[in-house]
Amino acid sequence: MTQILITGGGGFIGARLARALLADAAARSAPLHLTLTDQYPLPHDLAAHPQVRGVIGPLADQGDLFASGFDQVYHLASAVSGECEADFELGLRSNLDGTRLLLEGLRRAGNGPRLVFSSSIAVYGPDPGLAMPDPVGDNSLPAPQTSYGTHKLMCEYLIADYTRKGYLDGRSARLMTVAVRPGKPNGAASSFFSGIIREPLAGQEAILPVDLDVAHPVASPTSTVASLMGLMAAPREALPRRLAINLPAVNVTVRQMLDALEKVAGPKVRARVRMQRDERIAAIVANWPRMASSETARQVLGFAGDASFEAIVRQYIDDMRASGMADTALRGLQD
Ligand SMILES: NC(=O)c1ccc[n+]([C@@H]2O[C@H](COP(=O)([O-])OP(=O)(O)OC[C@H]3O[C@@H](n4cnc5c(N)ncnc54)[C@H](O)[C@@H]3O)[C@@H](O)[C@H]2O)c1
């Protein structure tokens, strides 16, 4: 029986990862038990699943859980970038202290589990004395410009060191911005990348706060989950490095995103996106990578990533239909 822990298991990616792991184990008739920990209750399907145990509460309370002998751990729990900028101590507590507690628990357990950590392209940035490469690649020097990015980078290095010492077998993945995120805008400065697709499809107006030429690396939830699972499955010998790797990206401008939306859903849907520049958001986005390359993920590990942004839009529409949410999420397609 493989014992897997997902921190942040009730979140956007954590819940999708949990469902994908359960489906994969069922398809292979492989015995699996999942422990999902999150500060908020789990989605109903996961809470009710016989192979899932939910442990609800902050990371800070889970020291004994972390030491209880998991085979594999996906560490996804994290305060988001906007929260960390607004509340410096929350970021330190949640993203740095929480990770330290987890790593110490795994070390205490003594069974050397595999760990996949969700880092972020927020580790890259333009330091005042050093321009950001374009694209950013696995070997670009990280220079985070936010507390969130700084904590992610610190955790990457801690995980590499715990791995060097043989306490665990850690792998850090720098996730691209994951789109299209369903539900409501989440207050993150990157929220509009999903909003300009999601809201028009739902029949609502969306505000575009940046110029059409802004470029950004994105990935779908499905390819992100597949990459995280692939990274966990990769034998150590296949990984040339203990340092973090970029996950595959679709490098796309906002204009290309809207062109894809129009191609898939028509000009009326695209017309629901209104340009209203927001200097605050535009300034934040100007410090983000415009493009990313993913040499290790694609060439060494063979991760496919997404075919195109158009494929990402189509995937979102298919997901909404499959989850019975088409009536609201795709209302804008009916006019
Ligand atoms: N979604 C993206 O675009 C993106 C991009 C880059 C990196 N990431 C990283 O991927 C991971 C998952 O992202 P997501 O989009 O699913 O985020 P999410 O906010 O939907 O999920 C994170 C989960 O962690 C939980 N959590 C946060 N702090 C906690 C704490 N102190 N104790 C217990 N639970 C806590 C939250 O309740 C939430 O359910 C995060 O580490 C995030 O930083 C995401």
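The values are calculated or read from the model by the stated rules, or taken from the named source; none is laboratory data. Quantities reported herein were computed from a predicted structural model and do not represent experimental measurements. Side chains included, ligands, DNA and RNA excluded: accessible areas come from the protein's heavy atoms. Shrake-Rupley method; radii C 1.70, N 1.55, O 1.52, S 1.80 Å.
In this entry, the stretch 168-289 is assigned a mean projected area of 8.7 nm², taken as a quarter of its C-alpha convex hull surface. Largest first, the extents of the alpha carbon coordinates of the stretch 102-150 on the three principal axes equal 42, 20, 14 Å. Accessible area per residue for the chain is 44 Å², calculated with a 1.4 Å probe on protein heavy atoms, without ligands, DNA or RNA.
With respect to the chain, whose longest principal axis is taken over its alpha-carbon atoms, helix 191-201 is tilted by about 60°.
Taking the radius of gyration and the Kirkwood hydrodynamic radius from Cα positions alone, what is the Rg/Rh ratio for the stretch 217-335, to two decimal places?
Taking Rg over the Kirkwood Rh, I get 1.04.
Accessible surface of the stretch 142-184, 1.4 Å probe: 51 percent of it comes from carbon and sulfur atoms. Relative to the compact-globule estimate of 2.2 N^0.38 Å, the Cα radius of gyration of the stretch 1-132 comes out at 1.14. Within the stretch 229-284, the proportion of C-alpha pairs whose separation exceeds 20 Å stands at 57%. Specify the residue with the greatest mean-square fluctuation among Val254, Val123, Val313, computed from a Gaussian network of the chain linking alpha-carbon atoms under 10 Å apart. In the Gaussian network model the winner is Val254.
Across the chain, the relative contact order, built from alpha-carbon pairs under 8 Å that are at least six residues apart, equals 17 percent. Across the stretch 77-134 the C-alpha pair distances fall into 5 Å bins from zero in the proportions 4, 15, 18, 18, 17, 14, 8, 4, 1 percent.
Can you tell me the mean projection area, over all orientations, of the convex hull of the chain's alpha carbons? Units nm², please. The partial results should precede the final answer.
On the way: hull surface 65.7 nm².
Directional mean of the projected Cα hull area for the chain stands at 16.4 nm².
Taking amide H as placed 1.01 Å from N in the peptide plane, the amide H of Arg53 sits under 5 Å from that of Leu34, Thr35, Leu36, each at least 5 places away or on another chain. Taking Phe117, Phe309, Phe88 as the candidate residues, the one with maximal mean-square fluctuation in a Gaussian network model of the chain, Cα springs under 10 Å, is Phe88.
What does DSSP give for the chain in terms of the percent of beta bridges that are antiparallel, rounded to the nearest 5?
15
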